[in-house]
Amino acid sequence: MSLFTCPICSLPLIREGQVYRCSEGHCYDVSREGYVNLLPANRKHSKNPGDDKAMAASRARFLDGGWYSPLRDALCSLAVRHMPDGGAFLDAGCGEGYYTQGIFSVLAGSKGSFRLSGIDISKSALKMAARRVPDGEFAVASVYRLPVSSDSISLLLDCFSPLAIDEYRRVLRPGGVFIYVVPAPRHLIELKNVLYERPYENSEDAVEYQGFEYLDILPVSGLMSLDSGALLDLFHMTPYAWKTPKEGVERLEAVTRLDVTMDFRVHIFRRLA
C-alpha cells in the first residue's frame, strides 16, 4: 500500500507497476525518474511551480559538497530516535532529497521496517530526490494539500519549507513527531553583508502550535569557508537569488572566498492525542 492518496477523491492509492490507482479509477503515471505528479492542474499557481532546474542543481552541488552535513547528521540522529519500527516518514518539501537520502540510510540500518516518502512542488527537484532514494515514494504536491491519509505518518520533517501546520497535524499520528528546521539569527549573515546595504538578522521564536507539545529546540551552527563556486551555488539556492539588487549580485560575483556562518534551529514537536 502506498502512503499517498488520490488528490481528487482522497482515497488510498495503490501502485501497480508504473501507475498509481485509486478504487474510483483515477490513475497517475510514474515518471521515468520514479516520482508521481499528484498536483492537479487547477491547484498550480504557475506552469512550473517551485525551484527551477538551475536552482535545484545549485542546491544539489552545494549540499553534496558537505557544507550542511552537521544539519543532516543532526536530523539523522533525531530520525533514529523518534521513528518507530514499522513507522512512516514524510519529508514535506524534500527538494532534491539530500536530507531524505541521509535519513533513509540511517533508518535502513537501524529499523526493522519503515516506509519513506517525500513531496515537493518542484519537478526538477523531485527528479533528483527519486534518483537518490529509489526505495522511497516521491510525489509532486503542495504541503498545503498533502496527498496523505490522516493519522498515517509517524515522523514528519519540514526543512526550510512553508509551514503547513494544519496539514501536519492532520497527517501525523497521535504521538507522532514533527521536526521543523528554520534559520537562526546569524544564518548566512556574512553573505547578506555582501548582498545588502542594511542586512538584518533573522528573528528567533519558539512558537506553540495547537495540538502539539514541544520536545526540544536543537541548535546547529558552524563556519564554512566557501570559494566562489560554492558561494554562488549557496546564493542561487536561497530566496536571495530572487530579490537581491543587481549591485549586490555584482559584489558577490567579485568575492573569491568568504567565511559564512550556518546557523539553524531544529524545533521538535510531538502531536498530542
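The values are calculated or read from the model by the stated rules, or taken from the named source; none is laboratory data. Keep in mind the model is a prediction, meaning the values are calculated, not measured. No Cβ is skipped: glycine too gets one built from the backbone with ideal geometry, and neighbour counts run over all protein chains shown.
The numbered conditions (1) out of contact with any helix residue (DSSP H, G or I) (no Cβ under 6 Å at 6 or more places or on another chain); (2) under 29 Å from Met262 (Cβ atoms); (3) at pLDDT below 95; (4) among the hydroxyl-bearing types (Ser, Thr, Tyr) are all true for Ser46 except (2). A count restricted to segment 163-181 and to residues that are surrounded by fewer than 23 Cβ atoms within 10 Å (Cβ to Cβ), out of contact with any helix residue (DSSP H, G or I) (no Cβ under 8 Å at 6 or more places or on another chain) and in a helix (DSSP H, G or I) stands at 4.
One residue stands out among those in segment 182-218 that are in a strand (DSSP E or B) and not hydroxyl-bearing (Ser, Thr, Tyr): the one that is farthest from Asp151 (Cα to Cα), which is Pro183.
For (1) under 12 Å from Leu188 (Cβ atoms); (2) aliphatic (A, V, I, L, M), each residue gets a yes or a no:
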| position | (1), (2) |
| --- | --- |
| Ala206 | no, yes |
| Leu215 | no, yes |
| Ser221 | yes, no |
| Leu232 | no, yes |
| His236 | no, no |
| Tyr240 | yes, no |
| Pro245 | no, no |
| Ala254 | no, yes |
| Arg257 | no, no |
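With respect to the stated conditions, Val266 fails to be β-branched (Val, Ile, Thr) and over 30 Å from Phe178 (Cα atoms). Scanning segment 146-164 for residues that are in contact with a strand residue (DSSP E or B) (Cβ under 8 Å, 6 or more places away or on another chain) and free of Cβ contacts under 8 Å to residues at least 60 places away in the same chain yields a count of 3.
Of all residues in segment 87-111, those that are in contact (Cβ under 8 Å) with a residue 12 or more places away in the chain have Cβ atoms under 7 Å from Cβ atoms of residues that are part of a strand (DSSP E or B) and among the β-branched types (Val, Ile, Thr), 6 or more apart or on another chain, in Ala88/Ile153; Leu90/Val148; Leu90/Ile153; Ala92/Ile119; Cys94/Ile119.
This table checks each residue for (1) aliphatic (A, V, I, L, M); (2) at pLDDT below 95.
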| residue | (1), (2) |
| --- | --- |
| Asp205 | no, yes |
| Tyr209 | no, no |
| Leu215 | yes, no |
| Leu218 | yes, no |
| Gly229 | no, no |
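Restricting attention to segment 193-209, does a residue exist that is within 20 Å of Pro12 (Cβ to Cβ) and more than 18 Å from the chain's Cα centre (by Cα)? No, segment 193-209 has no match at all.
Give segment 16-31 a look and list any residue that's in a strand (DSSP E or B) and at pLDDT 95 or above, or say none. Scanning segment 16-31 gives Val19, Tyr20, Arg21, Cys27, Tyr28, Asp29, Val30. Scanning segment 108-133 for residues that are part of a helix (DSSP H, G or I), charged (D, E, K, R) and over 23 Å from Ala57 (Cα atoms) yields a total of 0.
Of the set (1) over 16 Å from the mean Cα position of the chain (by Cα); (2) surrounded by 21 or more Cβ atoms within 10 Å (Cβ to Cβ); (3) within 30 Å of Ala241 (Cα to Cα); (4) among the aromatic types (Phe, Trp, Tyr), all apply to Phe62 but (1). Out of Phe89, Phe4, Phe104, one residue alone is more than 19 Å from Tyr144 (Cα to Cα), buried (at least 22 other Cβ atoms within 10 Å of the Cβ) and modelled with pLDDT of 95 or more. It is Phe104.
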